[in-house]
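Computed from the coordinates by the stated procedures, all read-outs in this text should not be read as laboratory data. Every value quoted in this text rests on a predicted model; they were computed, and no experiment measured them. Glycine also receives a Cβ, built like all others from the backbone with ideal geometry; neighbour counts cover every protein chain displayed.
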Amino acid sequence: MDARLFPTRPFVGASIAVLREGRVLLAARANEPLRGVWTLPGGLVEPGETLASAALRELREEVGVEAEVLGPLTPTEIILHGADGRLRHHYVIHPHAALWRGGEPVPGPEALGVRWATLAEVAGLETTPGLAETLGEAFARRAAGWAEPR
């Protein structure tokens, strides 16, 4: 059985909001939970890996893009229960804002599709919980002066 299903502890993940010309890079999830839903590229942090390194690794693996991290954003918890009330999934995701540095996104094995989207376009998509707030924070911090990597 998948250790991520009916967990005994939360799983730690990292994601990355790659900004480019007023848009953010999104990926449609290929795996459960939330298959087909738009989100940021990301995944589980491996032992000994920093959060930012995990986010950049997942970005390369999922969509083949390179970016430079600007800084961390507010974490998001994804807690999903089954119809019977049992805990099915619990993830603590640590997102990062980043600037695009190279490569055009191509869906890898963990992404059904990829796209660059404005905040207005994201509002019309089915997304993972908390994504709108994370993206709002990323764009606001960028506009407030996050110009150089931290």
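Sorting 64-72, 102-110 by average packing, meaning the other beta carbons within 10 Å per residue, from highest down gives 64-72, 102-110.
For the chain, the longest principal axis of the C-alpha atoms and the axis of helix 51-63 are separated by about 90°. Under a Cβ-Cβ cut-off of 10 Å, what is the net charge of the residues other than GLY43 that fall near it, where Lys and Arg count +1 and Asp and Glu count -1? Local net charge: -4.
Note on the chain: helix-only mean residue ellipticity at 222 nm, from DSSP H runs of 4+ residues weighted -39500 (n - 2.57) and normalised by residue number, equals -6000 deg cm²/dmol. Among GLY13, LEU26, HIS90, which residue has its Cα positioned farthest towards the positive end of the charge dipole of the chain, with +1 placed on the Cβ of Lys and Arg, -1 on the Cβ of Asp and Glu, and the dipole taken about the Cα centre? Of the candidates, HIS90 comes out farthest on the positive side.
Here the 3J(HN,Hα) profile of the stretch 121-128, calculated from phi with Karplus coefficients 6.51, -1.76 and 1.60 at θ = phi - 60°, is 5, 4, 4, x, 9, 7, 10, 5 Hz, Gly and Pro shown as x. Packing, as the average of other Cβ atoms within 10 Å across residues, places the peptides 114-125, 51-62 in the order 51-62, 114-125, highest first.
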